[in-house]
Amino acid sequence: MPRTYLDHNATTAVNPAVVDAMAAVLRDDFGNPSSVHHFGQRAKAAIDQARSAVAALIGADPSEVVFTSGGTESDNFAIRGVAEALGPARRRHLIVTAIEHEAVLNTVKALSRHGWTSTLLAVGETGIASPDTLSAALTDDTVLVSVMHANNEIGTIQPVAEMARLAHERGALFHTDAVQSAGKIRVDVKALEVDLLSISAHKFYGPKGVGALWVRRGLRLLPILTGGKHERSRRAGTENVPGIVGMGVAASLAAAKMDEEARRVSALRDRLEERVLRAVPGTTVNGARSARVPNTTNISFDRVEAESLLIALDLEGVAVSTGSACSSGTLEPSHVLKAMGFPAHRTQNSIRFSLGAANTDADIERVVAILPGIVEKLRSLTRVPARA
Ligand SMILES: Cc1ncc(COP(=O)(O)O)c(C=O)c1O
């Protein structure tokens, strides 16, 4: 059966050029980058090259890039590193939006158990946080504001630069989780005016288990991993050389074809969206359609349980995702759609289609050909009445 992958926000296939570069490093450059001899220096040179490529993707200086084990660690490092560097006697208030990734939300929750206070910024139906809401939440005790650049479930882009300016005016630092925007749209640390920025390689055709935190020069933050003096004493542990090299190659490839690929993918996404809305009654796009990353659409299907639709599509060879997490037999509603104020049924009937390099017109045709029939069948099996 041919398979159509429409889940690029979950992860992407590693680009073959990335695989080749990583294989070469695994085979030939096994040295420890901290070693002074030839083998170590070869590995160190490979890391330096990757650091420059990653820095170029986000408009940064290579010395400001700290390699990590991925987006989750980068988010943890940014939030814990700043909170703990400023010390218990200092500012203790954190602000994040209610639509952040769990890597941010659960880190703030964990700090709340150790004396930090937090505010979750509400977002409206657009799925875009408002600078005014941030203004109202900022206090003289706010140490850090963390607002994601693009949301993973609905793709909306947040007004990061404007919010960062507001945070700075009150003496707070600003972190953005750019895991879902880096590689898809232009991300420039200076234009965004942030202090810290997280990215993850596996979202832009690099390997899993490697990411980076960009730390503005001069910013003090405590390492969360203590040990040796790796990464300028900011992240201890022998470097994941093949992963880092893979991330560097993926970053260069993403930067080289960013505009062209964004145009191509957004045309496919828009066509998919239009055709689904037209062919399937009772469908609505969740969140603002204007300020979005080019590859994502999140569509609500009235009187359909998202999990059933996901499984039915998978049986037909189409991979999508729901924002809901199925845990211990109960369907958790998407925290993002919930934060947008949608009623319970809509937080459980929405599907995320996230497109990418693998997709062509043929994929869109395929989905549009099978989706109306599947939805109709699922609806015929449910007794839930149509909602206005
Ligand atoms: C917005 C966002 N932040 C953080 C992460 C975590 O990244 P990683 O999988 O590299 O830990 C993800 C992954 O889905 C994400 O979408």
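What is the sum of charges around T107, taking Lys and Arg as +1, Asp and Glu as -1, for the other residues whose C-beta is under 10 Å from the C-beta of T107?
On the way: positive: R80, K109; negative: D75, E100, E102.
Computed value for this residue: -1.
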In order through segment 246-262: 3J(HN,Hα) via Karplus (6.51 cos²θ - 1.76 cosθ + 1.60), integer Hz, x for Gly, Pro | x, 5, x, 5, 4, 5, 5, 5, 4, 5, 5, 10, 4, 5, 5, 5, 5
Put one equal scatterer on each alpha carbon of segment 86-220, apply the Debye formula with no solvent term, and list log10 I(q)/I(0) at q = 0.13, 0.18, 0.21 1/Å to two decimals.
-> -0.52, -1.02, -1.37
Overall form of segment 2-159 per C-alpha gyration tensor (a/c, 1.5; a/b vs b/c) | oblate
Given segment 247-388 reduced to its alpha-carbon atoms as identical point scatterers, what log10 I(q)/I(0) does the Debye formula return at q = 0.19 Å⁻¹?
-> -1.18
Over segment 247-325, the quotient of the Cα radius of gyration and 2.2 N^0.38 Å is 1.31
Which ³J(HN,Hα) values, rounded to whole Hz and listed in residue order, are derived for segment 231-236 from phi using the Karplus coefficients 6.51, -1.76 and 1.60 in 6.51 cos²θ - 1.76 cosθ + 1.60 with θ = phi - 60°, glycine and proline given as x?
-> 6, 6, 6, 9, 8, 6
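On a full-extension model of 0.36 nm per residue, what is the gain between R232 and R27, subtracting their alpha-carbon distance, rounded to one decimal in nm?
On the way: separation 205, 0.36 × 205 = 73.80 nm, distance 2.67 nm.
Net length gain for the segment: 71.1 nm.
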Cα gyration tensor category, rounded, prolate or oblate, for segment 72-146 with a/c compared to 1.5 = oblate
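Taking the radius of gyration and the Kirkwood hydrodynamic radius from Cα positions alone, what is the Rg/Rh ratio for segment 10-82, to two decimal places?
Values: Rg = 14.3 Å, Rh = 14.2 Å.
On the Cα set of segment 10-82, Rg over Rh gives 1.01.
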Helix 71-85: inclination vs the chain longest Cα principal axis, degrees, rounded to 10, gives 50 degrees
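Counting every Cα pair in segment 182-281, what percent are over 23 Å apart?
Details: 2223 of 4950 pairs.
Distances greater than 23 Å cover 45 percent of the Cα pairs.
Just from its helices, what would the mean residue ellipticity at 222 nm be for the chain, if runs of 4 or more DSSP H residues each count -39500 (n - 2.57) and the sum is divided by every residue, rounded to the nearest 500 deg cm²/dmol? Each step should come with its number before you reach the end.
Numbers: 14 runs with 162 residues, N = 388.
When only DSSP H runs of four or more count, the value is -13000 deg cm²/dmol.
What is the calculated FRET efficiency for Q41 to D20, with r their C-beta to C-beta distance and R₀ = 30 Å, to the nearest 0.05?
On the way: r = 22 Å, r/R0 = 0.74.
Working from the Cβ atoms, E equals 0.85.
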Enter the angle in degrees (range 0 to 90, nearest 10) between the Cα long axis of helix 38-57 and the first principal axis of the Cα atoms of the chain, meaning the one along which they spread out most.
-> 50 degrees
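Per residue, how much accessible area does the chain show when a 1.4 Å probe rolls over the protein heavy atoms, in square angstrom?
Numbers: 16350 Å² over 388 residues.
With the other protein chains kept in place, the chain gives 42 Å² per residue.
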Normalised by the residues of segment 8-138, what does the relative contact order come to in percent, with Cα pairs under 8 Å and at least six apart?
-> 13 percent
Peptides 150-158, 17-25 ordered by average Cβ neighbours within 10 Å, highest first = 150-158, 17-25
Label segment 59-106 by shape, choosing from rounded, prolate and oblate, from the square roots a ≥ b ≥ c of the eigenvalues of the Cα gyration tensor; if a/c is under 1.5 it is rounded, and otherwise prolate applies when a/b is larger than b/c, oblate when it is not.
-> oblate
Over what distance in Å are the Cα centres of segment 145-165 and segment 47-79 separated?
-> 19 Å
Per the Kirkwood formula over distinct C-alpha pairs, the hydrodynamic radius of the chain in angstrom is 21.8 Å
When the dipole is taken about the Cα centre of the chain, and only Lys, Arg (+1) and Asp, Glu (-1) are charged at their Cβ, what size is it in debye, to the nearest 20?
-> 360 debye
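The values are calculated or read from the model by the stated rules, or taken from the named source; none is laboratory data. Keep in mind that this is a model prediction, so the values were computed, not measured. Here Cβ is always computed from backbone atoms with ideal geometry, including for glycine, and neighbour counts include all displayed protein chains. For the accessible areas, the whole protein counts, side chains as well, though only heavy atoms, and no ligand, DNA or RNA atoms are used. Shrake-Rupley method; radii C 1.70, N 1.55, O 1.52, S 1.80 Å.
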